[in-house]
Amino acid sequence: MTFRKISLQNLIFALSFMCFSALSYGGEIINLNKDWKFTYGYEVRKGVYDVVSLPHTWNNKDATSGKNNYYRGLGNYEKELEIPSEWATKRLFLKFHGANTVANVFVNGEHVGEHRGGYTAFTFEITDKLKPGEKNRIQVRVNNAPQLDVMPLLGDFNMYGGIYRDVELLVENQNSISPLHYGSNGIYLKQENVTYKNADVNAEVKLLGEPGSVLNTEISLFSDKNLVLKSNKKATLNAEGKATANIPFSVKNPRLWDGTKDPFMYRAKVKVFKDGKIVDEAEVPLGLRFFHVDPDKGFFLNGEHLQLKGVSRHQDRPELGNAIHPQHHREDVAIMQDMGANAVRLSHYPQDPYMYGLLNKAGLVVWSEIPFVGPGGYRDKGFVNQASFKENGRTQLKEMIYQQYNHPSIMFWGLFNELKETGDNPINYVKELQQLTKKLDPSRITTSASNQTGDLNRITDIISWNLYFGWYGGTPDAIGDWADKKHEKYPNTPIGISEYGAGASIYHQQEELKKPNANSYWHPENWQTHFHEEHWIAIDQRPFLWGTFIWNLFDFGAAHRTEGEIPGKNDKGLVTFDRSTKKDAYYFYKANWNKEDPMVYIAEKRLKRRSNELQTIKVYSNSKKIELFHNGKSLGKKSGNYGRFIWEQVKLHKGENKLTAKTKNGLSDEIIITKIEKSKL
């Protein structure tokens, strides 16, 4: 095989079909996802490679099949570009939206730069390394081997290796909005004071270009197609060719970004002029809102209480790993909306920028976090007290905040998950991260996810806990007593629940409600359902909980796990790994959280063969009354309690029993249960 030649014609073709980006440059953005030559790091033979397209991971098979020793090492990517001679006066940059974990980039054999961290974007200027009018070779060496100075050191999820997000070639004029500021778009709309009557904002624009140049930066704010305001500011580039333009403006009687009720966003168009001629332009969203957390009353958005009904999300899928496409992000957000969630914790790392754009439009409140992850119930530590590790954490935090700054959905920055204070104690370092976060972005709330007691829980603005009453120990109803005691002990501290969940396989069914061993290969679905019923009822009765997040919305890959349905999977999701099947607990939440879309669902429908003559039939619905029919005969109407409608002592006939649940408006669901002798089960 040979390299595919990328001509100007092909580049223009690629540009016309490039992926949607929140940022639209005055120059060009050319998607480079197609036709890379890939080899594993151990391959040294010439001319041996696979042609792949991005997003790509080399662990989509081994890591998702339960192999704890899945390949973690070097992967080499190579691509050839022919740069038009017309671009000799331009500045060119390579932007990577995600390469896990350490990436080194070479152009024509020369090292351009290294990025350490797998979940944030990075950009390198390659202007001086390119040869306009000639073929140019791009090489990327990616390494997902464990490193003691790169977050995360460990985690209960797979560390898929590869260039698993988009790669773009940015073609800019000599003077432009800077693409080099921590991988961001260089524009920060800082909301300094927002009310229903007025919103004060400072537009901070990073500029890059020829030293001494005077650039005029203009911002125009639009509500739909209507111009709201226009303002501008001049700035002179310093000796390094850098400057920052600060443009303050105010919006009178603003229309607020109001969660799922009205996720409205203004369009902020930024233009840069030199000598009266436009040299760059970009557009970013502006969703104005204000929020706070009260230790007694919970979360408030725009002055109104909002009960955060949250889920958590890992980004991977079977057969794909983390190399997913826009349609997969859209599907996940659609499932969140269908269920009625209004908040999401994107764990345990920054996720694709496309995902944040979807959540902005959907109106979900977002918790975004750096991958500062502790061991949970496993060995090793998530923190090493060495300078290089701490510097890497600071850099990843800056990248996350700067890259995600303009997303109105993000209201919480997460600083750690399940760290321990034994050995190298991370307390002082977490304090440093807290101070850095508040310096970079004082407008948002910091939080963390804890599973232990100690001083770590008193550093971030608010705290949350990962709790599994009724799964790893205790009973599900203990969550309420725990919350009451915490609130009584710390009355001035806002308390949240960052994780709660139980495993379940849709293939594991039992007639009795019996708690399984969490570490076994038996995770019956009805116990997960019971777990979540008990938890949500307790949570709903405690408004002081600022937010709660189900762990997890989707099953996800964890190669080291040996439990549940199959090895290599965490099955605590309410939806299966491939998103094809929603478990019973999903419909319990939908009945409670989604009041807009009428629904009815008979639980335990996968338990099709039963031996007990007398059965309890449970139906989930957001209707006021449900009528149940057994082989066409009405068993009466019931009123619901937390979306649950229960008929006890339903006597099964030998053979097939058809049960149909109906709403007043004609919605229905049915199951067929076969009554058999216990000896034949």
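Values quoted throughout were computed directly from the atomic coordinates according to the rules given, and no laboratory measurement underlies them. Quantities reported herein were computed from a predicted structural model and do not represent experimental measurements. Cβ placement follows ideal geometry from the backbone for every residue including glycine, while neighbour counts extend to all protein chains displayed.
Pairs exceeding a 22 Å alpha-carbon distance, out of Lys514/Lys583; Lys297/Lys582; Lys129/Lys233; Lys197/Lys233: Lys297/Lys582; Lys129/Lys233; Lys197/Lys233. Calculated on the Cα set of the chain, radius of gyration then Dmax: 26.9, 89 Å. Among the GluC sites (Glu not before Pro) within the stretch 219-290, those in coil by DSSP and having at most 14 neighbouring Cβ atoms inside 10 Å are Glu240.
As a rough footprinting exposure proxy, the listed residues Ile163, Ile602, Ile29, Ile427 were ranked by other beta carbons within 10 Å of their own, and the order from fewest upward is Ile427, Ile29, Ile602, Ile163.
Calculated over the stretch 8-176, the projected area of the Cα convex hull averaged across directions stands at 10.8 nm².
By the compact-protein rule of thumb, 2.2 N^0.38 Å, the alpha-carbon radius of gyration of the stretch 391-507 corresponds to a ratio of 1.20. The packing ranking of peptides 447-455, 670-678, highest mean first, is 447-455, 670-678, where packing means the average number of other beta carbon atoms within 10 angstrom of each residue. If you plug the beta carbon distance of Lys381 and Asn519 into 1/(1 + (r/R0)^6) with R0 = 35 Å, you get a FRET efficiency near 0.95. Of all lysines in the structure, the ones whose alpha carbon falls short of 25 Å from that of Lys135, not counting any fewer than 8 places away in one chain, are Lys5, Lys34, Lys37, Lys46, Lys79, Lys90, Lys95. The base-10 log of I(q)/I(0) for the stretch 303-597, evaluated at q = 0.07, 0.08, 0.10 Å⁻¹, reads -0.25, -0.33, -0.52 [Debye formula, identical scatterers on Cα atoms, solvent excluded].
Label separation (Asp262 vs Glu331): 3.5 nm, computed from points 7 Å beyond Cα along the C-beta direction. When His487, His523 are arranged by Cβ crowding within 10 Å, least crowded first, meaning fewest neighbours, the order is His487, His523. In this simple spin-label model, placing a label point 7 Å from the Cα along the Cα-to-Cβ direction at both Glu432 and Ser634 gives a separation of 7.1 nm. Extension gain, Tyr642 to Asn457: 0.36 nm times the residue separation minus the Cα-Cα distance gives 63.4 nm. Only the Cβ atoms of Lys and Arg (+1) and of Asp and Glu (-1) were treated as charged; on that basis the dipole of the stretch 303-597 about its Cα centre amounts to roughly 740 debye. With the convex hull of its Cα atoms as the shape, the stretch 609-680 has an orientation-averaged projected area of 4.6 nm².
From least to most packed, judged by other beta carbons within 10 angstrom and beginning with the fewest, His111, His328 follow the order His111, His328. Compute the FRET efficiency between Arg609 and Lys485 as 1/(1 + (r/R0)^6), taking r as their Cβ-Cβ distance and R0 = 45 Å, and round to the nearest 0.05. For Arg609 and Lys485, the calculated efficiency is 0.55. To the nearest whole percent, what portion of all C-alpha pairs in the stretch 334-383 is separated by more than 13 angstrom? More than 13 Å apart: 63 percent of the Cα pairs in the stretch 334-383. Summary of packing: across the peptides 463-471, 573-581, the per-residue average of other C-beta atoms within 10 Å ranks them, highest first, as 463-471, 573-581. A dipole drawn for the chain from +1 and -1 charges on Cβ atoms has a positive end, and of Pro408, Gly363, Gly113 the residue lying farthest that way is Gly363. Take the Cα of Asn202, step 7 Å toward its Cβ, do the same at Tyr472, and the gap between the two points is 4.3 nm. Available extension along the chain between Asp50 and Lys225 is 58.3 nm, counting 0.36 nm per residue and deducting the alpha carbon span.
With an 8 Å Cα cut-off and a minimum separation of 6 or more residues, compute the relative contact order for the chain in percent.
Working: 1729 pairs, mean separation 73.8, N = 681.
About 11 percent, as a whole number.
Take the Cβ atoms of Lys234 and Lys361, set R0 to 35 Å, and the FRET efficiency comes out at 0.55. Here the stretch 187-286 is treated with +1 on each Lys and Arg Cβ and -1 on each Asp and Glu Cβ, and its dipole about the Cα centre works out to around 260 debye.
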